[in-house]
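Structure first, commentary second.
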Amino acid sequence: MQLRVIIFVLSLLGFLSATIGGVLYYTSLKQSAVDEAQREAVSHAVSFRNRLTLFLRQQQKPARSLAGLTQIRGAVTNLNSASLAEANHILDHFNESLETEVCYLMDKTGLTIASSNRKAPDSFVGRNFSFRPYFKNALRGIPAIYMALGTASGRRGFYYSHPVYPLSGKAPAGVVVIKASIEPLEEELRRGPEEIVLVTDPHGIVFLSSREDWLFRSVWKLSRDEEQSIAGSRQFGRGPFEWIGLHMMDDEHLTDKAGNEYLVHQMTIGGFPGWKVVYLYSLAAISRKLSDPFFSMTGSIVLSICLLVGVSVWVLYKKASQDIVRRKEAEQAMRHSEMRYRSLYHKTPGLLHSIDLNGRLVSVSDYWVEGLGYSREEVIGRSFTDFLTDSSHRYFEEEVFPRFLKEGSCKNVPYQIIKKDGEPVDVQLSAIAERDDEGRPVRSLAVLVDVTERNRAEEQLRLAQEELKRHSEDLERQVAERTREITGILKHMPSVVYLKDREYRYVLVNSRFEELFGATNEEVKGKTDYEVFPGKIASQFRLNDGKVFSEGRAFQIEEQIPLKDGTHTYLTVKFPLYDETGVPVRLCGIATDITAIKKAQDQLRRLSAGVMAGQEKERSAIARELHDELGQMLTALRMDAVWLRRRIEKLDAKAAERAFSMCNLIDETIDDVRGIAVRLRPGILDDLGLIPALEWFTADFEKRTGITCVFEHFLVPAVNDVVATAAYRITQEALTNVLRHASAKSVAVALRAENGSLILEVEDRGRGFDAERLEDSETLGIAGMRERAALVGGSLVILSQQTVGTRVFCRIPFDGSSGAVQ
């Protein structure tokens, strides 16, 4: 122990001596490096300031020369296109020769009247710069140099202004300006990261910088009034002028926000009061310049000495403490091994115990006593069989323990052990024997695994499997019953039923399919329609099937299928079947033969057509009778009444007046008869056609009812009498319904041609009705309109909404042939 202390003290003294000497030497070198860096900073700052001063004054003479040219002086005196053209030419020449950014001329109000950048997007022509200090000074006769950010171009530059005097007179009439680029100076600012060069205005705003992120930011913290004043001058834009975060430590040192220290040197710029050149040099960079070569030079020597001292100390220490270390390591390993054994024995989540050759417990784990509810004092020294059930007791003494003493191990022996509260616990025991030096067993190390819950779970699983088996058998029975039921339905169903997959291959067909098309389910299974039917029929089926899969919904379609006794019409309902993800994977079709129904409908349509045709003929006959017979009789009666009135006019005044009233009554009766005849069958419909007939009828309707009726028609071709009659009667019935039910003040009738069909619309703004209840309460008039439209192959739709109005929409093919019965 004393040797260790001595070696450690000697090593510490040697290390401290070397460290103190190195620190003193390094401190001396660092101060020399700082002094050198400070001299270098002053030199660089003076050099850049001189270059900046020279650069600022190099365009003064050109500006004075430009202001003295006759063309420039004439342009501000006589403002016309010729003088401006000459001035622009001169400005272009100076700008190109001097390689400046722009040259421009302003009048005495500050308005730019000529410029070398007049064709550029940021042209100065027409812009007023009277707010600039360089303009104000020049207008007072004082040439000026101005450093600022361009308000039009957004680029920094040096502005050289000079007053322009008129050809006669002493007061300046304008100002000429040369704007020089700062790029040549910025190239000189490109230095290493350890050097930062700034040019600042009197407020500390950075105008030039080797760090672009510091431009137009404040070196020192500004007050709110200062910020507003700088922004108001627009010399450096609108701001904001954020603070860079520099703090002066003393006259020669400052720090930034990150805590980096810099040497600082500031120099004023002659002729520009308050403007400064600020030169910063990083102290960290100075330290790196010093430390890198210092450590590279002395590192190898110091490392060698340290290695030599370290090896010597290590050898001495190794020899002096080798025995101690070995002894401590052995003791520690033994303690660690014992602790691990005890921890594993007591904390293992299993019931661990040991018994001697007499079957008595000599040790139990913490988990054993906790799991069974005993204390360690209650079990140590007692026979293991005291804690077993009777059957397990006999099994242990008669079979397990003798075999264990003979073989030295046992595995997964089932026991029932009794807890302190009397509850039996199912366990499985595995044990090995600990032997003495001569190989004889002295005691056992056993592990008991509690399998009570596992046994219960296995029993529950067995019961569940039995229940599942019974349920499965019941499901199979129900599936078999449903299969027989569905098979019976498919077999005896009079409709054709089939299933197809996504590739349009047949999966299943019923017996009706087999009967009609002479092919069994096995023969068509896996085939497409093109393999079973002729091409035209197969294409019809494929087109309709594709709609079901593409749109994912059911369709009701009429399909024509040729059979042995002729072509039959089938009404087919096709719908998709989905998998568990909602994707349609099957198509089911149910086709019902409606040929007989279609024939009955055609017969009914022909009968209806015949009835309506008879009605029209009867109407025409009645109209002719009224017009020809009754009309002639009333005309003759009127002539007789007029003759009678004239004969008795002088003999009996009262009788003559009575005869005059009779004449008026006969005239009214003639008008009524003519109206009835026209309404029964207007002759204008037969003689002139549909449009004149509708024009007459809508005008007559407005005259009779007082309801405003507007009729419009658009490029309607000539149609046959059947279509014309249907359109006329539908209009007649629609307007009658408006009069009876709508309580409308106006109605519009429109007739037009569209895609080969005649479109008729009758729309009112009346009280309307519930269109969804129309089918339940449909009147004979509406039914008649639908029937007339259907007889000429058309369709009729009625749309209505309460308080909004009603719209009747009818579409009829021009020739009335689309399903019409002639």
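The values are calculated or read from the model by the stated rules, or taken from the named source; none is laboratory data. No experiment lies behind these values; they were computed from the predicted model shown. Every residue, glycine among them, receives a Cβ derived from its backbone with ideal geometry; neighbour counts consider all protein chains shown. Each accessible area value is taken on the protein alone, full model and side chains, heavy atoms only, with ligands, DNA and RNA left out. Shrake-Rupley method; radii C 1.70, N 1.55, O 1.52, S 1.80 Å.
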Pick out, from Thr528, Tyr498, Ala538, the residue whose Cα sits farthest towards the positive end of the charge dipole of segment 473-608, with +1 on the Cβ of Lys and Arg and -1 on the Cβ of Asp and Glu. Ala538
From the Cα trace of segment 173-226, what convex hull volume per residue do you get, rounded to a whole Å³? 118
Using each residue's phi in segment 73-87, evaluate 6.51 cos²θ - 1.76 cosθ + 1.60 at θ = phi - 60° and report the 3J(HN,Hα) Karplus result to the nearest Hz, with x for Gly and Pro. 5, x, 5, 7, 8, 10, 7, 8, 5, 5, 5, 5, 5, 5, 5
Below 18 Å, Cα to Cα, which aspartates and glutamates can Lys419 reach? Residues fewer than 8 away in the same chain don't count. Asp366, Glu370, Glu377, Glu378, Asp386, Asp390, Asp450, Glu453
In Å and from the alpha-carbon atoms only, list the Rg and Dmax of segment 404-496. 28.5, 96
Ordering 249-261, 173-185 by per-residue average of other C-beta atoms within 10 angstrom, highest first, gives 173-185, 249-261
Normalised convex hull volume, segment 443-511, alpha-carbon set, Å³ per residue: 166
Got a number for carbon plus sulfur as a percent of segment 336-494's accessible area, 1.4 Å probe? 52
Give me the distance between the Cα centres of segment 372-417 and segment 748-770, rounded to whole Å. 102
Work out the length of the dipole vector of segment 332-465 about its Cα centre, built from +1 on the beta-carbon of each Lys and Arg and -1 on the beta-carbon of each Asp and Glu, and round it to the nearest 20 debye. 360
Could you tell me what percent of the accessible area of segment 721-768 is made up of carbon and sulfur, with a 1.4 Å probe and every protein chain present? 44
Keeping every protein chain present and rolling a 1.4 Å probe, give me the accessible area per residue for segment 237-286 in Å². 48
Nearest-10 value in Å² for the accessible area of His203, using the 1.4 Å probe: 70
List, largest first, the extents of the alpha carbons of segment 716-770 along their principal axes, each in whole Å. 34, 20, 19
What is the ratio of the Cα radius of gyration of segment 166-256 to 2.2 N^0.38 Å, where N is its residue count, to two decimals? 1.45
Note the per residue figure in Å³ for the convex hull of the C-alpha positions in segment 123-282. 129
Determine the alpha carbon to alpha carbon distance for each of Lys108/Lys179; Lys525/Lys598; Lys411/Lys469; Lys61/Lys221; Lys500/Lys599 and list only those over 28 Å. Lys525/Lys598; Lys411/Lys469; Lys61/Lys221; Lys500/Lys599
Work from the charge dipole of segment 708-769 (Cβ charges, +1 for Lys and Arg, -1 for Asp and Glu, about the Cα centre) and give the residue of Val723, Gly766, Ala753 farthest towards its positive end. Gly766
Evaluated at 20 °C and 1.002 mPa s, the Stokes-Einstein D of segment 33-124 based on the Kirkwood radius over Cα pairs, in µm²/s, stands at 137
Counting heavy atoms of the protein chains only and a 1.4 Å probe, report the per residue accessible area for segment 478-569 as a whole number of Å². 60
With all pairs of different alpha carbon atoms counted, what Kirkwood hydrodynamic radius in Å does segment 463-572 show? 16.3
